[in-house]
1. Probe radius 1.4 Å, ligands and nucleic acids ignored: give me the carbon and sulfur share of the accessible area of the chain as a rounded percent.
2. Between D8 and W137, what is the spin-label point distance in nm, taking each point 7 Å from the Cα along the Cα→C-beta axis?
3. Can you work out the accessible area per residue across the chain, with the rest of the protein chains kept in place, probe 1.4 Å, in square angstrom?
4. Using the Kirkwood radius over C-alpha pairs as Rh, can you work out the diffusion coefficient of the stretch 1-79 via Stokes-Einstein at 4 °C, viscosity 1.567 mPa s, in µm² per second?
5. By how many degrees, between 0 and 90 and to the nearest 10, does the Cα long axis of helix 72-84 differ from the longest principal axis of the chain?
6. Fully extended, how many nm does the chain gain between R127 and V161 (0.36 nm per residue separation, minus their Cα-Cα distance)?
7. Considering the alpha-carbon set of the chain alone, what are its Rg and its Dmax in angstrom?
8. Rounded to the nearest 0.05, what FRET efficiency do A93 and E40 give with R0 = 25 Å and r taken as the Cβ-Cβ distance? Could you check?
Amino acid sequence: MIAVYDADGHAVGSADRATVYREGRWHASAGVLVRSSDGERIYVHRRTDTKMVFAGMHDCLAGGVVEPGEAPADTAVRELAEELGITVLEAGAPRPLARVSWDGRWQGRPMRCHLFAYELRYDGPIRHQPEEIADGWWWTDAQLRAHLSDPKWPFVPDTRVFIDDLLT
């Protein structure tokens, strides 16, 4: 089950993930941009080919959908631990970075999501969750921007919407 939102960004209920995606209902997701302590590099990863949405695509946010009754900041912390093995006990809490609403399309259907981005400075170990992350590496903002300049490079479309708010 995931939280269902209205167009204005207020939680209004819950539904199973497949229904939300199939019917194009508004929902929310939260992700964390992991930046090196010196601010020079960001962690980029490729999603597994088995993900329900955006399978096999690249992203610079470790994140996921907001569960019923969960605040986006809590989702960000939960997903950071699940996907990259980074906990707030070892790294501190991510700080809010940006928010945007995306009324897009995915596989011919509406995909409507309120996106919450956070940032964390971190140089410790990263441990991928094998069901979600296929590979990952550190890039500079310039390296990521160079790849993003190719519209055919498979990068998740919702993060692409507010990439200028995320990168320096």
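The values are calculated or read from the model by the stated rules, or taken from the named source; none is laboratory data. These figures come from a predicted structure and were not determined experimentally. Don't worry about glycine lacking a Cβ; one is built from the backbone with ideal geometry, like all the others, and counts go over all protein chains shown. Side chains included, ligands, DNA and RNA excluded: accessible areas come from the protein's heavy atoms. Shrake-Rupley method; radii C 1.70, N 1.55, O 1.52, S 1.80 Å.
1. So the carbon and sulfur contribution to the accessible surface is 50 percent.
2. Result: 4.6 nm between the two label points.
3. Here the per-residue accessible area is 47 Å².
4. D, rounded to a whole number, is 95 µm²/s.
5. Compared with the principal axis, the helix lies near 60 degrees.
6. The span from R127 to V161 would gain 9.5 nm if fully extended.
7. In order Rg, Dmax, the Cα atoms of the chain give 15.0, 43 Å.
8. Once rounded, the FRET efficiency stands at 0.70.
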